[in-house]
Amino acid sequence: MLGAIGVVYGDIGTSPLYAMKETFAGHHPLPVTEANVLGVLSVMFWTIMLLVSLKYVVIIMRADNRGEGGSLALLALASELNAGRPKTRWLIAILGVFAAALFYGDSMITPAISVLSAVEGLNVVAPQLGSYVIPITVMILTALFMVQKHGTGAMGMAFGPIMVFWFAILGLLGALSIAQSPHVLFALNPLYAYHFLTLDPWLSFLTLGSVVLAVTGGEALYTDMGHFGKFPIRLTWFSFVLPALVLNYFGQGALLLNNPQAIENPFYLLAPAWALIPMVLLATAATVIASQAVISGAFSVASQSVQMGFLPRMEIRQTSSKAHGQIYVPLTNWTLYLAVIYLVLTFQSSSNLAAAYGIAVTGTMMIDTILITFVLVAWRWSPLLVIPLMGTFLCVDLAYFSANAIKIPQGGWFPLGIAVISFVVLTTWKRGRKLLFDEIGRRSVPIQVVLDSADSVSRIHGTAVFLAAIDEGAPSALLHNLKHNQVLHERNILLTVIVEDKPYVTKGNRLLIDDMGKNFYRVRIFYGFMEAPDIPAALESCASLGLKFDMMTTSFFTSRALIVSAPKPGMMKWRERLFIVLSKNAMSASDFFKIPTNRVIEMGTRIEI
């Protein structure tokens, strides 16, 4: 529970810094009247209850993929449950990949707006310190991204207690303010939300684009489920985090009822003057933690994308010998860093960034609603329950997404643009890999042809392991070795790594060995999309199945494909060029699969797609 508080709720837990302020003083400001304050609070409260508490915590968290959550895990689960419906699986794949692409846009904005909004507390402490907000924000973010390569284990130990203190302070400040204007609690009545939304539909529609900031990070409860489990997340949400957030929002509302001028920064003005500097420091720590959670999430999505075949092989470092989920992806880290700093320097304030925030989150929430509908239908839930429930969620998601779409010219274009670029890269690599494997399969020679001629070929001492992209036919590396060296090893292993549509594979299901005779074996190694392949470790496990390996007498043969465009390419020319560029920059198979470099022989082959 302590770990969940420290990691899961960082994003949604720092929303009180800017949600109310942006709603009343943002790009579409509302007059600070009692009717508007109570109406906005009512909309916020019921949005949190409907979208976060009911949709994510109660319903979507049921759809765990062997304990794991998140858009890609939900994609894998929905695809598995709809295995017999190819058109449905195609739609599910498109939606799931776009949700993952939207997450990249979100992961760039969250650190920028969170840290910037915390440091902007200096404007409240002393207006003359305003010129230092941007430099301090850049320094904090630079330090945060620089420490990623060392792992976050030590820093993570402090996350839980800091966030517990943060939520306790949120609740305390809110409760003290509510005590001065208890009639603010009338906003718990949903009629206030109804009257607010219907009195001036256009103005209330524009307001939804800012109100949604109160639920940004709600999807993280499902994404981080695999780290902590359903029960701790559900318990901490309902017993601690949700009450603290509601108290703080209603406390800010009570403050505005008493002092409309407090809209300048209602979060910091909840605190007494003597506590402003400690509050800025605490808020900065909380936003760093929120940023860390998003950065770690981006690492996880990048790793899952590589394993599921949506991104080329890239360097993924394990930063903890104990916690398997703690990884560091250098390319993702520094890409995020450059984007975050660009956002801070370009938008200059949390209010300006709020215009860019929300569209990625609402898009992800809308896609999650559609994907969970496919899962519930596959689980044979009653249509009388699924249709009205999911229809209600989808209408709310669509309303918030539409309200944020209006902000595209003011900054919403950035996360949307990042999402489109990410989607193109993910789908291009997936499509290119399929074309590549189809061509490899078309050109492959049946393994029986090699076995029939094996007796007439000279044998040399040792074991040869040939990495095969597909688990049929003879690998091109084996054919090249026969063609150029005209020899075979005493023992020949045709090895294929297969990533399954589940997060983890048990040890008992890790290996499948097929003895083809004449000292030829086909070995299949299975991994989940949350696991890092380690071929030497997997081969050591073969001993228990009667196939022993001595690494000192084992050579690994890999194929590096030189991909060129065919006269009739399988996809558009520009996508094919993109795939070729990605392929050239992919990490070598020997490094990715942790094969000792002094045991690797690489064979080149030219393939047209």
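Gyration tensor over the Cα atoms of segment 446-608: the corresponding equivalent ellipsoid has semi-axes (square roots of 5 times the eigenvalues, largest first) of 27, 22, 15 Å.
Which of the pairs 87/573; 518/594; 21/149; 430/594 have their Cα atoms more than 30 Å apart in this structure? Violating the 30 Å limit, Cα to Cα: 21/149.
Kindly work out what percent of the DSSP beta bridges joining two residues of the chain are antiparallel, to the nearest 5. Percent antiparallel among DSSP bridges in the chain is about 25. The Rg/Rh ratio of the chain, with Rg taken over Cα atoms and Rh as the Kirkwood radius over Cα pairs, comes to 1.04. Straightening the chain between residue 606 and residue 132 buys 165.0 nm, computed as 0.36 nm per residue apart minus the Cα-Cα spacing.
Taking every alpha-carbon pair under 8 Å whose residues sit at least 6 apart, the chain reaches a relative contact order of 20 percent. Listed by Cβ neighbour count within 10 Å, with the fewest neighbours leading, 88, 428 appear as 88, 428. Each stretch of four or more DSSP H residues adds -39500 (n - 2.57); spread over every residue of the chain, this sum gives -18000 deg cm²/dmol at 222 nm. Relative to the longest principal axis of the Cα atoms of the chain, the long axis of helix 71-81 lies at roughly 60 degrees. Ordered by the count of other Cβ atoms within 10 Å of each Cβ, fewest first, 200, 64, 106, 515 give 515, 200, 64, 106. Working ranking of peptides 281-291, 178-188 by packing, defined as the average number of other Cβ atoms within 10 Å per residue, highest first, is 281-291, 178-188. The distance from the alpha carbon centre of segment 404-448 to that of segment 278-309 is 24 Å, rounded to a whole number. Of the peptides 2-10, 545-553, the ranking by mean beta-carbon count within 10 Å, highest at the top, reads 2-10, 545-553. Per-peptide packing, taken as the mean over residues of other Cβ atoms within 10 Å, places 237-243, 114-120 in the sequence 114-120, 237-243 from highest down.
Just so you know, all these numbers are worked out from the coordinates, no wet-lab data involved. Keep in mind the model is a prediction, meaning the values are calculated, not measured. No Cβ is skipped: glycine too gets one built from the backbone with ideal geometry, and neighbour counts run over all protein chains shown.
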